[in-house]
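No lab work stands behind these numbers, since they all come straight from the coordinates. Computed from a predicted structure; not experimentally measured. A quick note on method: Cβ atoms are made from the backbone with ideal geometry, for glycine too, and the neighbour counts reach across all protein chains shown.
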Amino acid sequence: MVMKLSFSPLSPFARKVRIAAIELGLIDQIELVPAQVVPGTANDAYVKQINPLKKLPALTLDSGEVIVDSFVIAEYLDELGGGGRLIPASGPAKWRVRSEHSLLQGITDSMLLCRYESAVRPEPYRWHAWYDDHWARVWAGWQRFEQHGDTLTRPLDLAQIALVCSLGYADLRFADCGWRKAFPKLDAFHDKMMQRPSVAATVPPT
Ligand SMILES: N[C@@H](CCC(=O)N[C@@H](CS)C(=O)NCC(=O)O)C(=O)O
């Protein structure tokens with residue numbers, strides 16, 4: 001079986017799926033297909049054939065069916081890999097990982113909105129208070145992981161993968177934001193995660 005992952009090497013959401021696929025031993029069954037999606041720029045072929053929402057990543061199965069959204073793709077791969085390996089199958093751990101993953105999805109969404117606001121939106125239309133509001137959400141989100149819970153220390157799961165991808169995206173697009181200094185536990189966690197070949201091999205190119 002060969003699945004096709006529409007991705008960009010710069011996308012933190014696609015990186016999460018790639019790390020999951022490597023960790024689950026499924027990466028050899030996935031062909032990586034680069035795609036370009038930029039707000040304000042059309043990509044009619046992608047919209048028609050892959051994802052009407054014009055977002056990455058998307059996973060096209062052998063059957064032609066397309067799975068969208070990085071969490072759903074990761075959930076699909078987790079099930080293919082036996083189930084419950086990156087997303088616990090039941091009990092409190094299932095809801096903890098899913099809820100933390102949702103927080104991290106929001107953090108990364110807000111970072112992406114900041115990126116689009118500062119690099120894509122035409123200068124006269126930029127809204128600084130809106131940018132600051134989203135950046136504050138990113139910071140408060142990381143603060144939560146710096147201070148609470150066992151996310152940084154438990155065995156590998158999808159929330160941890162999402163966390164390392166959010167930090168990697170900050171290094172790529174907001175290199176001067178100072179997250180390492182502000183969040184020393186996240187810094188140590190990032191270093192530890194970078195020892196995994198799956199994480200090191202998927203660092204976005206600068
Ligand atoms: N909830 C989606 C978010 C995906 C997403 O926002 N991807 C970005 C690329 S990193 C994208 O497609 N941006 C294009 C756009 O929003 O116009 C997921 O988890 O897959």
The size of the Cβ-based charge dipole (Lys, Arg +1; Asp, Glu -1) of segment 3-80 about the Cα centre, to the nearest 20 debye, is 420
Most fluctuating residue given options Ala170, Ala140, Ala74, as computed from a GNM of the chain linking Cα atoms under 10 Å: Ala140
Reduced to Cα centres, the span from segment 1-35 to segment 152-190 in Å works out to 20
Could you point to the residue in Ile30, Leu59, Ser8 farthest towards the positive end of segment 3-80's charge dipole, with +1 and -1 charges on the Cβ of Lys/Arg and Asp/Glu respectively? Ser8
Which chymotrypsin sites (Phe, Trp or Tyr not before Pro) from segment 108-174 combine a DSSP loop assignment with at most 14 other Cβ atoms within 10 Å? Trp127
Ordered by number, the trypsin sites (Lys or Arg not before Pro) in segment 109-148 that occupy a DSSP loop and have at most 14 other Cβ atoms within 10 Å are Arg126
Would you work out the charge dipole size for the chain about its Cα centre, treating the Cβ of every Lys and Arg as +1 and the Cβ of every Asp and Glu as -1, and quote it to the nearest 20 debye? 280
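If I stretch the segment between Leu152 and Arg180 completely, what's the gain in nm (0.36 nm per residue apart, minus their alpha carbon distance), one decimal?
That works out to 8.6 nm of additional length.
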Under 8 Å for C-alpha pairs, at least 6 residues apart: give me the relative contact order for the chain, rounded to a whole percent. 24
Of the candidates Ser11, Ser166, Ser70, which one comes out as most mobile in a Gaussian network treatment of the chain with C-alpha springs shorter than 10 Å? Ser11
Applying the gyration tensor rule to the Cα atoms of the chain (axes a ≥ b ≥ c; rounded if a/c under 1.5, else prolate if a/b exceeds b/c, else oblate), the class is oblate
Restricted to the chain, the DSSP antiparallel beta bridge percent, nearest 5, is 55
